[in-house]
Amino acid sequence: MLPEGTVRASLGCGNPVAVAELRAGETVLDLGSGGGIDVLLSARRVGPEGRVYGVDASPDMLDLARRNAEQAGAANVEFLHGTIERVPLPDRSVDVVISNCVINLSGDKAAVLAEAFRVLRPGGRFGVSDVVAAHVLDEQARERAEQRIGCAAGSLTVQEYRDLLAAVGFVEIAITLSADHGDGVHSAIVQAVKPAIGPGLEIRPMHESDAAEVLAIYQAGLDTGQASFETTAPSWEGFTASRLPQLRYVATDGDSGEVLGWVAASRVSDRPVYAGVVEHSIYVHPGCQAQGVGRALLEAFIAASEDAGVWTIQSGIFGENAASLALHQAVGFRVVGTRERIGCHHGVWRDVLLVERRSSVVGGGGRFR
Ligand SMILES: C[S@@+](CC[C@H](N)C(=O)[O-])C[C@H]1O[C@@H](n2cnc3c(N)ncnc32)[C@H](O)[C@@H]1O
């Protein structure tokens, strides 16, 4: 049993601990921990080898939470004074971020989600309860809901939440509506994953400040003669003009921040029927090949594309590029044909294998797997 004061102080809108599937030994962060109920529940799940942090801006709530922890005899918890927009924990320091009815209160939700992404280790899970709007609310509906339940004034729509999570780099995004509070306002469980990659590496969305490194890796790939018919990397303007902004990722060295590889995609057609069909390119720094960077980038890209409603990812691979073909086949691409001697490259007419990956969760692709 938790101390009665902890339960009474609970101001949540769901049970994030129940959906976070916490495992023994994990490190958990609760954003806006209030009286500490979810920290104490998590502390039991992660056991003595694990650790649970609560962050809250209110000194009174921190005092209450610390008293509650003492009463519960919880030794593996720590309550930190700070804001959820600027979490006082280092990068990649927690396995799971939970939160219960707090993110909707923030005036800068993009910063909150970016902080959650920053403090999570690669492969880490985000699982929060929050209040969301099923659709865009008019002012009157928002006010009515706010008067009924509070926590509705600043709530995001489901689509806004998805877009913000994807923009900071989360994948496998799932938003499940639970209690219906009327006027389109719901409690919800929001889940997402920080892409997994090898130790010391990170995958995040590509930024403009990555331009020089991205283009240098592109050029190095073209110089091998095995990546593309192109021989010269485009300008940054040329690169970004044709590529979808929400489907560009880089893999970076977690310590130095150096870009080790990138993946990006373009639409294959403006026709609505092909809205979920994209063509991708992936390039890994020549010094970092065969270290899992390409696979991690591709897996993150596939998850993000499915989140964005893409049902087919296609590309062309030179027949001689066995490493690229093997990598793509390992993550579910299949060869759909060979375009024989389709183009002349440095004086040689070359074959291109057309590969594609049909999603088993988006569109009609299930029958192709
Ligand atoms: C609705 S209560 C929820 C508390 C707790 N999660 C629960 O379920 O009982 C909101 C809590 O978030 C804290 N809070 C609100 N905005 C915050 C922010 N920007 N940074 C840190 N804490 C915040 C408040 O101090 C309060 O303790």
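May I ask you to say which residue of Asp270, Asp255 is at pLDDT below 90 and outside any strand (DSSP E or B)?
Within the list Asp270, Asp255, the selection yields Asp255.
I need the full set of residues from segment 207-233 which are open to solvent by less than 50 Å² (accessible area, probe 1.4 Å), closer than 21 Å to His328 by Cα and not in a helix (DSSP H, G or I), in order please.
Gly225, Ala227, Ser228
I need every pair where a residue in segment 152-164 that is within 15 Å of Ala116 (Cβ to Cβ) has its Cβ under 7 Å from the Cβ of a residue that is of a type in the set (Lys, Arg), sequence separation at least 6 or different chains.
Listed by first residue and then by second, the contacts come to Leu156/Lys109; Leu164/Lys109.
Can you tell me how many residues in segment 142-193 are assigned to a strand (DSSP E or B), more than 17 Å from Val128 (Cβ to Cβ) and out of contact with any His (no Cβ under 7 Å at 6 or more places or on another chain)?
Total meeting the criteria: 0.
Spot the failing condition for Ala18; the list is (1) within 21 Å of Arg125 (Cα to Cα); (2) of a type in the set (A, V, I, L, M, F, W, C); (3) touching a residue at least 12 places away in the same chain (Cβ under 8 Å), and only one is missed.
(3)
Given the criteria more than 9 Å from the ligand (Cβ to nearest atom), surrounded by fewer than 18 Cβ atoms within 10 Å (Cβ to Cβ) and of a type in the set (A, V, I, L, M), does Ala69 qualify?
Against the criterion (more than 9 Å from the ligand (Cβ to nearest atom), surrounded by fewer than 18 Cβ atoms within 10 Å (Cβ to Cβ) and of a type in the set (A, V, I, L, M)), Ala69 does not qualify.
Output the number of the condition that Cys13 fails; it satisfies all remaining conditions of (1) without any contact (Cβ under 8 Å) to a residue 60 or more places away in the chain; (2) within 9 Å of the ligand (Cβ to nearest atom).
(1)
For segment 262-276, name all the residues that are touching a residue at least 12 places away in the same chain (Cβ under 8 Å) and over 17 Å from Val331 (Cα atoms).
If the condition is that a residue be touching a residue at least 12 places away in the same chain (Cβ under 8 Å) and over 17 Å from Val331 (Cα atoms), then Ser266, Arg267, Val268, Ala275, Gly276 are the ones that fit.
The values are calculated or read from the model by the stated rules, or taken from the named source; none is laboratory data. Note that the coordinates shown come from a computational prediction; the quantities given were computed from them, not determined experimentally. Cβ atoms come from the backbone with ideal geometry, glycine included; neighbour counts cover every protein chain shown. Heavy atoms of the whole protein, side chains included, go into the accessibility calculation; ligands, DNA and RNA do not. Shrake-Rupley method; radii C 1.70, N 1.55, O 1.52, S 1.80 Å.
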